[in-house]
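Engineer: Encoded as structure tokens, here's the structure I'll be asking about.
The values are calculated or read from the model by the stated rules, or taken from the named source; none is laboratory data. The model shown is predicted, which means the values in this text are computed figures rather than measured ones. We place every Cβ from the backbone using ideal geometry, glycine too, and count neighbours over all the protein chains shown.
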Amino acid sequence: MALCDYLPAMLCKFPALSDSTIRAGRKTIDDGFKAFVRSYSDLIDTAVQPLQVFLNFLERLFVTSPWPIILIVMLVIVYLGSRSVKVTIGTALAMYFIGLFGLWNDAMVTLAMTTVCTIFAVLLGIPIGILMARFDRVQATVNPVLDVMQTMPSFVYLIPVVMIFGIGKVPGMIAVVIYAVPPMIRLTNLGIRLVDKEVLEAADAFGSSGWQKLKNVQIPLALPTIMAGINQTIMMSLAMVVVASMVGVGGLGKNVLGAINNQFFTVGFLNGFALVAIAIIFDRTSQAFGKRLQKHSEVIHG
Amino acid sequence: MASHAIEVRNLYKIFGPRGADYIDQVKSGLSKTDLNAQYGHVLGLQDINIAMPAGGVMVVMGLSGSGKSTLIRHINRLIEPTSGEVLYDGVDVCRMNERDLREFRRHKTAMVFQKFALLPHRTVVENTVYGLEIQGIPAAESEKRARYWIDRVGLSGFENHYPNQLSGGMQQRVGLARALTNDAEILLMDEAYSALDPLIRVDMQTVLLDLQKELKKTVVFITHDLDEALRLGDKIAILRDGRVVQQGTGQEIVLNPADDYITAFVKEVNRGRVINVETIMKPLAGNPQGMPIAMGTVLEAAARAMTTADQSVAHVVDEAGRPAGTLALDTIIAAMVTPTGHGETPQAA
């Protein structure tokens, strides 16, 4: 540029660190991390062994059980959750088509993975959310972490996860949980913070302890928001199983990945729709369940 | 039996992050306006001294912003005082540690709230047992006691309804039942009836008065309504800008308002329902004439009795039935109408 002819070079090209410095720094960190992982790899393997066994067991349970049993159990859970014949019939139809197109086993693998991830995310998210609501300092610390978790491309945090745990279900699960837990945490925190101050004051006036307040007032009144969090978490784990298939999680996600690589248009969409169907089943059931828990708030003045 | 009076002494509350820093300046005369203008802190209460009678109804009256809700929250320490004492049975509530305070709240006090503050996810009976539940009393026992009080406040048949299936008046009955089930000696009522319709409010006042006749709790009742204060209060304290302007019985306040502010309030009061016959009776001259009227009867009731009996003269008798004074219908009427020229031009309300 013409202007740059008259200016010192420093103002035209950003004064970056030299390539050799960056390379050296990168190498130090990478090597250090690799060495760290290598020296602790046995310990790490032993530590995640139970989780690995559990995930394998659950997957085998879903895949090897005769399909009518799985279907019946699923329909019973869906009906008990939603108390809606419509949702139950919809579930039966969706599962019928998934089976018809030969995706039953893959769907079972995905279902097993999603179930475990959701349970983990909820068990992890609710206590953290409660702590955030309780202590402003925890909120101030956790919030930026959640921001990073939600904006950092999942491929990036897959790198260290794979380096530490290798390829398989455990790293996949960790990736999914990292992706799916933020809404659970945020909505638990928000729900508890929005609880009516007057009701809390009443609980105080009757001499409730902190735990009694949490159990009797804060959690029940925050429940609609917490349920929305669980719903979001389920949806996000389902979305993430496709990405997790890159690190060795099987199921529908793996098929999608294969379809992308080979430009198999039909296979891609079939598996995609199977994921959508499972998502809708989870969503309708959990929403109807949440609504039923809130029955008391829907009654209009008599 | 121990005395269950509550005594509030030299109580100050300054709202703001560094309230305690300004307490000395406030004590030596810094005004509410100056405190706010110079330091951005709000003076909630200043130098409150009230002796609340044991087993009686103490009404704290004031308009919004007068500090009355702040004051009642100091009795069970939902708000921490900046300085001062709240004594109950000789113990300063403000100095209790966390455990003692929780025990005090569980066993000695019960509170009724303006906006009911019921748990929306619990039925009437589940709300009513709340106080007992957190004390750890077995469910069967607490439910039995809850059902008794639900019945007493007139909500039988609604035990399994949720709060938002009930009207405001019924919700506040639940609030009252919840407080009474706790069986505490102190009943704190924070504008408990202010959110109710006028007719329901009178109804609930009657419920409280009837219960109080038998329970004899130490009741602290907050209101912005002077009529309500006069109807319920054995003793009334009037608050303005965080300061007690006047305290005394309803009669004392109506007959001798301390300043223009109270005069303006008192002007609208139905005096016939506040002033007792002995206050205006004349000394007995000769034999008692007309019908006997008991001491403690309010003017309105006396006038009604005399009009019904078609008599223009009556005599007042004490508890033993001895005549104590004489009373004429025109004196009663004169006392019932608001005297003109009382104080200066009344302030706009």
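Engineer: Quick one: is B:ASP227 of a type in the set (Asp, Glu), more than 11 Å from chain A (Cβ to nearest Cβ) and without any contact (Cβ under 8 Å) to a residue 40 or more places away in the chain?
Structural biologist: Answer is no for this residue.
Engineer: Answer with yes or no whether B:ASN287 is in contact (Cβ under 8 Å) with a residue 24 or more places away in the chain and not hydrophobic (A, V, I, L, M, F, W, C).
Structural biologist: no
Engineer: Looking only at the stretch B:113-136, count how many residues are more than 27 Å from the chain's Cα centre (by Cα) and more than 9 Å from chain A (Cβ to nearest Cβ).
Structural biologist: Summing the residues that are more than 27 Å from the chain's Cα centre (by Cα) and more than 9 Å from chain A (Cβ to nearest Cβ) in the stretch B:113-136 gives 2.
Engineer: Could you tell me which residue of the stretch B:77-89 is farthest from B:SER167 (Cα to Cα), considering only residues that are in contact with a Ser or Thr (Cβ under 9 Å, 6 or more places away or on another chain) and of a type outside the set (Asp, Glu)?
Structural biologist: B:TYR88
Engineer: Going through B:HIS41, B:HIS4, B:HIS74 one at a time, which residue ends up being over 25 Å from the mean Cα position of the chain (by Cα) and crowded, with 17+ Cβ neighbours inside 10 Å?
Structural biologist: Numbers: B:HIS4 fails: over 25 Å from the mean Cα position of the chain (by Cα); B:HIS74 fails: over 25 Å from the mean Cα position of the chain (by Cα).
One residue alone meets the criteria, B:HIS41.
Engineer: With the structure loaded, tell me whether B:THR181 is of a type in the set (Val, Ile, Thr) and either closer than 21 Å to B:VAL129 by Cα or modelled with pLDDT of 95 or more (or both) or whether it fails that test. Working first, answer last.
Structural biologist: Values: of a type in the set (Val, Ile, Thr): yes; either closer than 21 Å to B:VAL129 by Cα or modelled with pLDDT of 95 or more (or both): yes.
For B:THR181, the condition - of a type in the set (Val, Ile, Thr) and either closer than 21 Å to B:VAL129 by Cα or modelled with pLDDT of 95 or more (or both) - is met.
Engineer: Looking at the stretch A:230-255, I want the residues that are in contact (Cβ under 8 Å) with a residue 40 or more places away in the chain and have a partner that is part of a loop (DSSP other than H, G, I, E, B) and surrounded by fewer than 20 Cβ atoms within 10 Å (Cβ to Cβ) with Cβ atoms under 7 Å, at least 6 apart or on another chain. Which pairs are those?
Structural biologist: A:VAL247/A:ILE167; A:GLY248/A:ILE167; A:GLY248/A:GLY168
Engineer: Need the failing condition index for B:GLN114 against (1) surrounded by fewer than 20 Cβ atoms within 10 Å (Cβ to Cβ); (2) touching a strand residue (DSSP E or B) at 6+ places or on another chain (Cβ under 6 Å); (3) assigned to a helix (DSSP H, G or I), just the number.
Structural biologist: With respect to (1) surrounded by fewer than 20 Cβ atoms within 10 Å (Cβ to Cβ); (2) touching a strand residue (DSSP E or B) at 6+ places or on another chain (Cβ under 6 Å); (3) assigned to a helix (DSSP H, G or I), B:GLN114 is out only on (3).
Engineer: Could you list, in sequence order, the residues of the stretch A:194-225 that are at the interface with another protein chain (Cβ under 9 Å from one of its Cβ atoms) and either on the phi > 0 side of the Ramachandran plot or touching a Gly at 6+ places or on another chain (Cβ under 7 Å) (or both)?
Structural biologist: Residues satisfying the conditions are A:PHE206, A:GLY207.
Engineer: Still on this structure: If only one of A:ALA121, A:ALA133, A:ALA94 is touching a residue at least 40 places away in the same chain (Cβ under 8 Å) and under 14 Å from the mean Cα position of the chain (by Cα), which one is it? Even if it seems obvious, please write down each step before you answer.
Structural biologist: Values: A:ALA133 fails: under 14 Å from the mean Cα position of the chain (by Cα); A:ALA94 fails: under 14 Å from the mean Cα position of the chain (by Cα).
Answer to the selection: A:ALA121.
Engineer: Restricting to the stretch B:299-335, count the residues that are part of a helix (DSSP H, G or I) and either out of contact with any strand residue (DSSP E or B) (no Cβ under 6 Å at 6 or more places or on another chain) or among the β-branched types (Val, Ile, Thr) (or both). Break it down stepwise before answering.
Structural biologist: Kept after step one, since they are part of a helix (DSSP H, G or I), are these residues of the stretch B:299-335: B:299-308, B:329-335.
Pick out the ones that are also either out of contact with any strand residue (DSSP E or B) (no Cβ under 6 Å at 6 or more places or on another chain) or among the β-branched types (Val, Ile, Thr) (or both) and you get B:299-301, B:303-305, B:307-308, B:329-335.
Residues that pass the stated criteria total 15.
Engineer: Right, something else. So which helices (runs of 4 or more DSSP H) stay within the stretch A:1-76 end to end and still have 3 or more residues that are touching a helix residue (DSSP H, G or I) at 6+ places or on another chain (Cβ under 6 Å)?
Structural biologist: A:19-64
Engineer: Could I ask something else about it? Please enumerate the residues belonging to the stretch B:7-38 that are assigned to a loop (DSSP other than H, G, I, E, B) and surrounded by fewer than 17 Cβ atoms within 10 Å (Cβ to Cβ). Spell out how you get there, then give the answer.
Structural biologist: First, the residues of the stretch B:7-38 that are assigned to a loop (DSSP other than H, G, I, E, B): B:16-18, B:28-31.
Of everything in the stretch B:7-38, those that are assigned to a loop (DSSP other than H, G, I, E, B) and surrounded by fewer than 17 Cβ atoms within 10 Å (Cβ to Cβ) turn out to be B:PRO17, B:ARG18, B:SER28, B:GLY29, B:SER31.
Engineer: Select from the stretch A:241-255 the residues that are hydrophobic (A, V, I, L, M, F, W, C) and surrounded by fewer than 24 Cβ atoms within 10 Å (Cβ to Cβ) and list them in ascending order.
Structural biologist: Applying the first criterion (hydrophobic (A, V, I, L, M, F, W, C)) to the stretch A:241-255 yields A:241-244, A:246-247, A:249, A:252.
Within the stretch A:241-255, A:VAL242, A:VAL243, A:MET246, A:VAL247 qualify.
Engineer: Another question, if that's okay. Only one residue in A:VAL199, A:VAL177, A:VAL170 is modelled with pLDDT under 95, in contact with a helix residue (DSSP H, G or I) (Cβ under 7 Å, 6 or more places away or on another chain) and closer than 30 Å to B:ASP190 by Cα. Which one?
Structural biologist: Of the residues listed, the single one that is modelled with pLDDT under 95, in contact with a helix residue (DSSP H, G or I) (Cβ under 7 Å, 6 or more places away or on another chain) and closer than 30 Å to B:ASP190 by Cα is A:VAL199.
Engineer: For the stretch B:198-246, give me each residue that is among the acidic types (Asp, Glu) and closer than 21 Å to B:GLY62 by Cβ.
Structural biologist: If we filter the stretch B:198-246 for residues that are among the acidic types (Asp, Glu), which is where we start, we get B:203, B:210, B:214, B:225, B:227-228, B:234, B:241.
Result: B:ASP225, B:ASP227, B:GLU228, B:ASP234, B:ASP241.
Engineer: Next question. For B:MET96, all conditions in the list (1) among the aliphatic types (A, V, I, L, M); (2) more than 8 Å from chain A (Cβ to nearest Cβ); (3) within 27 Å of the chain's Cα centre (by Cα); (4) within 20 Å of A:VAL217 (Cα to Cα) hold save one; what is the number of the exception?
Structural biologist: (4)
Engineer: With A:SER18, A:SER82, A:SER65 as the choices, which residue is touching a Phe, Trp or Tyr at 6+ places or on another chain (Cβ under 7 Å) and of a type outside the set (A, V, I, L, M, F, W, C)? Give the derivation first.
Structural biologist: Details: A:SER18 fails: touching a Phe, Trp or Tyr at 6+ places or on another chain (Cβ under 7 Å); A:SER65 fails: touching a Phe, Trp or Tyr at 6+ places or on another chain (Cβ under 7 Å).
Selected residue: A:SER82, the only one of A:SER18, A:SER82, A:SER65 that is touching a Phe, Trp or Tyr at 6+ places or on another chain (Cβ under 7 Å) and of a type outside the set (A, V, I, L, M, F, W, C).
Engineer: For residues that are in contact with a strand residue (DSSP E or B) (Cβ under 9 Å, 6 or more places away or on another chain) and farther than 26 Å from B:ASP89 by Cβ, tally how many sit in the stretch B:176-206.
Structural biologist: Total meeting the criteria: 3.
Engineer: I need the full set of residues from the stretch A:287-302 which are modelled with pLDDT of 80 or more and within 12 Å of chain B (Cβ to nearest Cβ), in order please.
Structural biologist: Hit for the stretch A:287-302 is A:LEU293, nothing else.
Engineer: Oh, and also: Considering only the stretch B:42-64, I want to know if a residue exists there that is over 20 Å from B:PHE221 (Cβ atoms) and either among the small types (Gly, Ala, Ser) or part of a helix (DSSP H, G or I) (or both).
Structural biologist: No, the conditions are met nowhere in the stretch B:42-64.
Engineer: Out of B:MET111, B:MET96, report the one residue that is closer than 13 Å to A:GLU201 by Cα and either out of contact with any Gly (no Cβ under 7 Å at 6 or more places or on another chain) or not assigned by TED's automatic domain parsing to the domain that holds B:ARG173 (or both).
Structural biologist: Result of the check over B:MET111, B:MET96: B:MET111.
Engineer: How about the stretch B:146-191: which of its residues are of a type in the set (Gly, Ala, Ser), touching a residue at least 40 places away in the same chain (Cβ under 8 Å), part of a loop (DSSP other than H, G, I, E, B) and more than 12 Å from every other protein chain (Cβ to nearest Cβ)?
Structural biologist: Matches in the stretch B:146-191: B:GLY154 only.
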